[in-house]
1. Considering only residues that are closer than 20 Å to Gln168 by Cβ and of a type outside the set (A, V, I, L, M), look in segment 111-129 and name the one that is modelled with the lowest pLDDT.
2. From the list Gly100, Gly62, exactly one residue is among the small types (Gly, Ala, Ser) and in contact with a strand residue (DSSP E or B) (Cβ under 8 Å, 6 or more places away or on another chain). Which is it?
3. Which residue out of Ala214, Ala220, Ala261 is over 30 Å from Leu138 (Cβ atoms), of a type outside the set (D, E, K, R) and free of Cβ contacts under 8 Å to residues at least 24 places away in the same chain?
4. Those residues that are hydroxyl-bearing (Ser, Thr, Tyr) and either under 20 Å from His121 (Cα atoms) or open to solvent by less than 70 Å² (accessible area, probe 1.4 Å) (or both), I need them from segment 210-235; list them, please.
5. Does Val28 qualify as being surrounded by 22 or more Cβ atoms within 10 Å (Cβ to Cβ) and closer than 23 Å to Pro205 by Cα?
6. Quick one: in segment 128-182, which of the residues that are among the hydroxyl-bearing types (Ser, Thr, Tyr), in contact (Cβ under 8 Å) with a residue 24 or more places away in the chain and touching a Ser or Thr at 6+ places or on another chain (Cβ under 9 Å) is nearest to Ala232 (Cα to Cα)?
7. Residue by residue through segment 140-185, note down the ones that are among the charged types (D, E, K, R) and touching a helix residue (DSSP H, G or I) at 6+ places or on another chain (Cβ under 7 Å).
8. Hey, can you tell me all the residues within segment 79-95 that are touching a residue at least 24 places away in the same chain (Cβ under 8 Å) and surrounded by fewer than 24 Cβ atoms within 10 Å (Cβ to Cβ)?
Amino acid sequence: MYQAKDFKSELKPIWCPGCGDYGVLQGVYRALANIGRPPHEVAFVSGIGCSSRIPGYTTAYGFNTVHGRALPIAQGIKFSRPELLVLAAGGDGDGFSIGGGHVPHCIRRNPDITYLVMDNHIYGLTKGQLSPTSRRSLATSSSAYGSVEEPVNPLLYVLAYGAGFVAQGTPADMPGLASMIEEGIRYPGFAFINVQSPCITYGRPEEQLKQHKAEMRPLAASGHDPSNRLVAMGLAQDYGKVLHTGVFYRDPDPGPTFEQATAERQLAHRVPSDARERVLDVFAVR
């Protein structure tokens, strides 16, 4: 039986006091403790940014990769060591700007990976520039007169590409966030969790945790059926206007993961050990 402290490393987080990422980290600790896998059986991969520091604060095998490349590395780990529990993490910029091209392909392969995006609508580490989820008209150091771009909607994005598990949480609801992360890990396939994790330094006052607590709307309380993708997509269109929390969609009949399908293919085409002399036969013209 593991406790949250068993997944806490000796490194001290250096996020700004009040950053939402502290809550995400606590949610990961609690979820992993409930899952019950030992730390050495967990691989935690991240990209670049404030949120991508998170693997180092755990006792899992951490891999802080390059900008936007958390998902390719996480997939490589999962495909080569399918018995491991693999988590990937990053910010909205890491995941939906430079790394955005990897998301749909990861979804269609359906590896058994849980992807946590800490969505703060800003580039915090580089001092407050526009990010893919920044609202239109937002004035920042890179948009002095206000943004003229529409924000990316991460929830609608992954639902449209066919993700089997899609959820959104906030550190303002720690029990709900920890439970959501655990549920995503237990889902047999690719799981996407968007965490509204506010930036205390460059974020807007109306996007901080106090406001989240007052304004969040748990989907479970509304009677939402998470098996209905179309309804989930309708709710996802409220992104940036209404803070829905909980599981938007969970595929009631998940298909095989990439690693399962690959293992079955390898088994079907395995050559008997006594037939090495015929290994080139598969290339012969028939």
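1. Gly124
2. Criteria check complete, one pass: Gly62.
3. Ala261
4. If the condition is that a residue be hydroxyl-bearing (Ser, Thr, Tyr) and either under 20 Å from His121 (Cα atoms) or open to solvent by less than 70 Å² (accessible area, probe 1.4 Å) (or both), then Ser227 is the only one that fits.
5. No; evaluated as a whole, the condition is false for this residue.
6. It comes out as Thr170.
7. Of everything in segment 140-185, just one residue is among the charged types (D, E, K, R) and touching a helix residue (DSSP H, G or I) at 6+ places or on another chain (Cβ under 7 Å), namely Glu182.
8. Phe79, Arg81, Pro82, Glu83, Leu84, Leu85
The values are calculated or read from the model by the stated rules, or taken from the named source; none is laboratory data. Here the structure is a predicted model, which means the values were calculated and not measured. Don't worry about glycine lacking a Cβ; one is built from the backbone with ideal geometry, like all the others, and counts go over all protein chains shown. Ligands, DNA and RNA are excluded from the accessible area calculation, which covers all protein heavy atoms including side chains. Shrake-Rupley method; radii C 1.70, N 1.55, O 1.52, S 1.80 Å.
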